[in-house]
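As structure tokens, the structure follows; a few thoughts come after it.
The values are calculated or read from the model by the stated rules, or taken from the named source; none is laboratory data. Bear in mind the structure is a predicted one, so any value in this text is a computation, not a measurement. FYI the Cβ positions are ideal-geometry reconstructions off the backbone, even for glycines, and counts take in every protein chain you see.
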Amino acid sequence: MIIVMQRDADEEKIQHVIERVEGKGLEAVLLRGEKRNVIAAIGDKREIPTDYWLAIPGVEKTVPILSKYKLASREISPHTTPVRIDGNTVGEKALAIIAGPCTVESMEQTLAAAESVRKSGAVAIRGGAYKPRSSPYSFRGLEKEGLEILAESRRLTGLPVVTEVLCPEDVEMVAQYADVLQVGARNMQNYSLLDELGKYDRPVLIKRGIAATVEELLLAAEYILRSATAEVILCLRGIRTFEEQTRFTLSIGALAHLKQVTHLPVIVDPSHAAGERSLVFPLAKAAIAAGADGLLVEVHPDPENAYVDGAQSLTPEGFDQLMKELRPVARAVGREM
Ligand code: PEP
Ligand code: MN
């Protein structure tokens, strides 16, 4: 249930409502809006009559939340809730394009990627220091050294860092280096990781699992949103289907649906969905046309020699070209780049 506060309800009244919600054994999450504040009361409130809430000073009305995911639902907020990454936002009119290598390989490689994608208009660099790999014999990332390279790249280029965290034990350390913590597709349902992420004051980018439903993605986000300071970006990266011609199957329908049912910003990773460079362009355009708030794109200064995912990585020139080709698409759907 959502408790909508009156426009002029002051902080004291808000806090009083929160106390009353908690006094009933429910969880209270305060969501501050531009026009008015609302308090989501989560838990079993079957026995509490609506009049109980309406009698509290400052309360305007109560609204039931019908969806399973309460805090991620658009019922809570009719507008997309922007997530700040340094000076930019994901979820406002301007599209947020995040780009960089699949994995951090060296200082030179990371810096070359960061400088080029920044020049082309990316708002952050992506790059894994800890890589979830299907095979234990594949390159699994430079780990702590990779994080240090990302931090140095940030210092030198000013470009904020999006990087993956694999397990709850690492969250505290990775959060010291990352501007945005990425939860990979394989970890979307690692609930102890999601719980841990809620404790940190860092935005989380959560990728849809390869066999997860959209509802499961939203419920995963819900774990993180239970903490009052949480900021979450959803990312679609393709799911596994019977189709073998693309690495994964990107569901544009899922994107359009998500934009209707959640207030969280949704971005698309065309690179992992495509598996090959030439398909990244049309998938990226389709995503923007269908309402994505941004993209996560793999870019490598030398894709031919990339440790991981070279075939789907754009060259810096290719990325620059993609950005140029995306601009008219963005404009056509009322977005800026
Ligand atoms: C990544 O973006 O680095 C990655 C590993 O992707 P995914 O989790 O979607 O496979
Ligand atoms: Mn990759």
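Tabulated values for the structure
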item	result
In region 223-245, the residues that are assigned to a loop (DSSP other than H, G, I, E, B), within 21 Å of residue 298 (Cβ to Cβ) and either under 11 Å from the mean Cα position of the chain (by Cα) or within 16 Å of ligand 2 (Cβ to nearest atom) (or both)	237, 238, 240
Listing of helices (runs of 4 or more DSSP H) fully contained in region 264-337 that carry 3 or more residues being farther than 21 Å from residue 182 by Cβ, among the small types (Gly, Ala, Ser) and modelled with pLDDT of 95 or more	277-289, 316-332
Single residue of region 114-170 satisfying the filter (in contact with a Cys (Cβ under 9 Å, 6 or more places away or on another chain) and charged (D, E, K, R)) that is nearest to residue 271 (Cα to Cα)	126
Region 84-101, subset closer than 19 Å to residue 298 by Cβ and either assigned to a loop (DSSP other than H, G, I, E, B) or without any contact (Cβ under 8 Å) to a residue 40 or more places away in the chain (or both), residue farthest from ligand 2 (Cβ to nearest atom)	95
Filter result for residue 144 (basic (Lys, Arg), modelled with pLDDT of 95 or more, within 13 Å of ligand 1 (Cβ to nearest atom) and within 22 Å of residue 202 (Cα to Cα))	no
Region 102-128 - residue that is outside any helix (DSSP H, G or I) and not hydrophobic (A, V, I, L, M, F, W, C) and, of those, surrounded by the fewest Cβ atoms within 10 Å (Cβ to Cβ)	106
Residues located in region 248-277, provided they are in contact with a Ser or Thr (Cβ under 9 Å, 6 or more places away or on another chain) and farther than 21 Å from residue 90 by Cβ	248, 249, 274, 275, 276, 277
Some residue of region 253-260 being within 15 Å of ligand 2 (Cβ to nearest atom), in contact (Cβ under 8 Å) with a residue 24 or more places away in the chain, assigned by TED's automatic domain parsing to the domain that holds residue 181 and aliphatic (A, V, I, L, M)	no
Output for region 193-213, where each listed residue is within 18 Å of residue 178 (Cα to Cα), basic (Lys, Arg) and not in a strand (DSSP E or B)	199, 202
Count - residues of region 281-319 that are away from ligand 2 (no atom under 12 Å from the Cβ) and within 28 Å of residue 80 (Cα to Cα)	16
Where residue 163 falls short, out of the listed (1) of a type in the set (Val, Ile, Thr); (2) within 16 Å of ligand 2 (Cβ to nearest atom); (3) surrounded by fewer than 17 Cβ atoms within 10 Å (Cβ to Cβ)	(3)
